[in-house]
Structures are given as C-alpha cells and as structure tokens.
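A short write-up of the structure that comes next.
None of the figures in this text is laboratory data; all of them are computed from the coordinates on show. For clarity, every value in this text was computed on a predicted model and none was experimentally measured. Every residue, glycine among them, receives a Cβ derived from its backbone with ideal geometry; neighbour counts consider all protein chains shown.
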Amino acid sequence: MFANKPTLSGERVTLRPVGPEHVDGLWELVNDPETMRLTGSQGKIDREAAKIWYGSRGDHDDRLDLAICTAGDDAYVGEVVLNELDTHNLSCNLRIALIGPRAFGKGYGTEAIRLLLDHVFATTELHRVGLEVFGFNERAVHVYRKVGFVEEGVRRDVLRQDGEWHNSIMMSVLASDWL
C-alpha cells in the first residue's frame, strides 16, 4: 500500500523518504533525553544499526517512513511514520518524533501530520489511522486533537518511567473525518 514513497512539501516542512543521509539526525533524535522521555524510549540504538535501518525503509511496502526537514534549509528535525499496516481493515498506526526542544513549538509536527494524512487519505484506501500517546505528553495530545484525532480510550499504567506509572491515550482519525 505504501510502495510510493512521496516527498510532501508544506510551508514549514518538507517530508522526504528516509535514507542513509538522515542518519545523523536520527542519531540525534534517538539520543535526545527529552525526546526519549516523551516517547517512552528505554533502549539504545547503535549508530550502525540506525544507518542500516534508515537505508532499508524504502524496501518496505507495508510502512511509510518520512524524514521531517525544515522547508528553509532542509535540516532534519524528526520523522513521521505510518506502520503496523492492517490491509484487511484498512488501518495503520502513526508515530512521530521531533529531534528535541530545538524543534518543539514551531509547528513542524502539526504540519507534518497534516501533510501525511492529506496524502494517505487522498491516495490510498486507508480508512483509519490510529496512535497512542502518553498522557503526560500534553503538547502532543494538543496537536493530535487540533489536527482531528479523536480520543478512543486510555490504557492504564503502560509505561513506568522514573519510578512512576503513566497512562497511554488511544486516538484515531478516520478518512471520513478527514475528508
């Protein structure tokens, strides 16, 4: 379903198929303490593994991995991904991560999500895009609601971080909501 790996352009960002040229940005992203906290990341990734990972994403038709690059200077500021494709039910998962505080609050994530949803709902048969976000990530919850995601429920105590338990909020947007 995601054989076409598009480049999508907006006012603030350009979404590009990820590749080895984005490894330095990915490395910064996965090692940023605030990004790790907000995404609940608990493991470490090896730099060579990151290079292999980004070099192989174009080979997978069941997912779409796009680098979020600033429109002005094409600097990598994050990634937005559609994965966990369910072709029978025409649904998938969305995840997004920005490179850290220097990329937060600039509208990059909001525009990236809108560009991606515009694209997939206009060019594929997808019916539903879902996601989960930790309740403490209020900025992300706000963005998801703003772009049209609807809260479906809460999974209690799914993340233990710094000795505290955190809930995960399940959200989705349907093609009929979007169009």
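The string of couplings for segment 155-164 from the Karplus curve (6.51, -1.76, 1.60, θ = phi - 60°) is 9, 7, 6, 8, 10, 10, 9, 6, x, 10 Hz, one whole number per residue in order, with x for Gly and Pro. Send over the Kirkwood Rh of the chain, from the inverse of the averaged 1/r over different Cα pairs, rounded to one decimal Å. Roughly 16.6 Å, rounded to one decimal.
Segment 86-150 and segment 7-34 have Cα centres lying 15 Å from one another.
Where does the longest stretch of the chain lie that holds no GluC sites (Glu not before Pro) found in a DSSP loop with 13 or fewer other Cβ atoms within 10 Å? That would be 12-124. For segment 83-179, the spread of Cα coordinates along the three principal axes comes to 43, 31, 19 Å, biggest extent given first.
Of the trypsin sites (Lys or Arg not before Pro) found in segment 20-73, those in coil by DSSP whose Cβ has at most 13 other Cβ atoms within 10 Å are Lys44.
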